[in-house]
Amino acid sequence: MTQVTSQIQSNLRGGGLPPAPRTPAATSTASLAESVTAYIPTEVVAAYVAVIGLLQQPADHSRTPDWIVFWSFVAITPLAVWLGLARHEKTRGLPLPVHPASWPAHTWFNLIAATASFALWGFSLPGTPFQDVSWYKSGYGTGALVIGSLLLGLVSPLFSWDADTRRNLEPTMQTGEA
């Protein structure tokens, strides 16, 4: 999964050709989860799993810490994506993408896709805080993964970004700002 995540993040951040649509090849929940988590920075997934592992308590404990951790990581996810993109842009000698108005469509897509993917993934995990919500059933998590995987796989090719195109636009953007 780490290889897939690195490849997709590299491709989506302008490091190569856009990946093939990532609709699930198999119907297993694991395959669906993997296709959705490909959009989430690996560091966010690893940190979330570690934190919820630390919070594991008897079944009768308060879910408040679980909810706080879940929503905190939903908020952290777009920041982690932006930091990864900024690091990538900096190493390529491009200016940091500081002003949201100058962000290309793929940046917005990465931020939104990663955040939505994290929420879907968190919604479908065993032991999710959503289990305490009266309407939640575990099958809803699988359904959310199926729909999320399908939509992300269909939409992601529309937001691919060619690094050479970005390099060619940079002088134009900089002279337009002066």
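The values are calculated or read from the model by the stated rules, or taken from the named source; none is laboratory data. Because the structure is a prediction, the values reported are computed rather than measured. Cβ coordinates were reconstructed from backbone atoms using ideal geometry, including for glycine residues, and neighbour counts include every protein chain displayed. Note: accessible area is taken over every heavy atom of the protein model, side chains too, but ligands, DNA and RNA are not part of it. Shrake-Rupley method; radii C 1.70, N 1.55, O 1.52, S 1.80 Å.
Mind checking whether some residue in the range 15-34 is within 25 Å of Ala144 (Cβ to Cβ) and at pLDDT 80 or above? Among the residues of the range 15-34, not one is within 25 Å of Ala144 (Cβ to Cβ) and at pLDDT 80 or above, which makes the answer no. The set of residues in the range 87-118 being touching a Pro at 6+ places or on another chain (Cβ under 7 Å) and modelled with pLDDT under 85 consists of Glu89, Trp103, Thr107.
Would you point out the residue of the range 98-113, among those that are within 15 Å of His88 (Cβ to Cβ) and part of a loop (DSSP other than H, G, I, E, B), that is least open to solvent (accessible area, probe 1.4 Å)? Here the residue is Pro104.
When the range 42-61 is filtered for residues that are open to solvent by 70 Å² or more (accessible area, probe 1.4 Å) and either of a type in the set (Gly, Ala, Ser) or at pLDDT 85 or above (or both), the ones remaining, listed by number, are Glu43, Val49, Leu54, Ala59.
Residue-wise test of (1) among the β-branched types (Val, Ile, Thr); (2) modelled with pLDDT of 85 or more; (3) crowded, with 16+ Cβ neighbours inside 10 Å; (4) in contact with a helix residue (DSSP H, G or I) (Cβ under 7 Å, 6 or more places away or on another chain).
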{"residue": "Leu120", "(1), (2), (3), (4)": "no, yes, yes, yes"}
{"residue": "Ser124", "(1), (2), (3), (4)": "no, yes, yes, yes"}
{"residue": "Tyr140", "(1), (2), (3), (4)": "no, yes, no, no"}
{"residue": "Gly148", "(1), (2), (3), (4)": "no, yes, yes, yes"}
{"residue": "Pro157", "(1), (2), (3), (4)": "no, no, no, no"}
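For the range 101-133, residues that are of a type in the set (Val, Ile, Thr) and in contact with a Leu (Cβ under 9 Å, 6 or more places away or on another chain) total 1.
Is it true that some residue in the range 81-94 is touching a Lys or Arg at 6+ places or on another chain (Cβ under 7 Å), part of a helix (DSSP H, G or I), more than 18 Å from Pro157 (Cα to Cα) and open to solvent by 40 Å² or more (accessible area, probe 1.4 Å)? Among the residues of the range 81-94, at least one is touching a Lys or Arg at 6+ places or on another chain (Cβ under 7 Å), part of a helix (DSSP H, G or I), more than 18 Å from Pro157 (Cα to Cα) and open to solvent by 40 Å² or more (accessible area, probe 1.4 Å), which makes the answer yes. Would you check which residues across the range 67-80 are surrounded by fewer than 16 Cβ atoms within 10 Å (Cβ to Cβ) and either among the aromatic types (Phe, Trp, Tyr) or at positive phi (or both) and list them? Result: Trp67, Trp71. Looking only at the range 57-80, residues that are touching a residue at least 24 places away in the same chain (Cβ under 8 Å) and not in a helix (DSSP H, G or I) come to 1 in all. Only one of the numbered conditions (1) under 21 Å from Leu145 (Cβ atoms); (2) outside any helix (DSSP H, G or I) is violated by Ile52, and that is (2).
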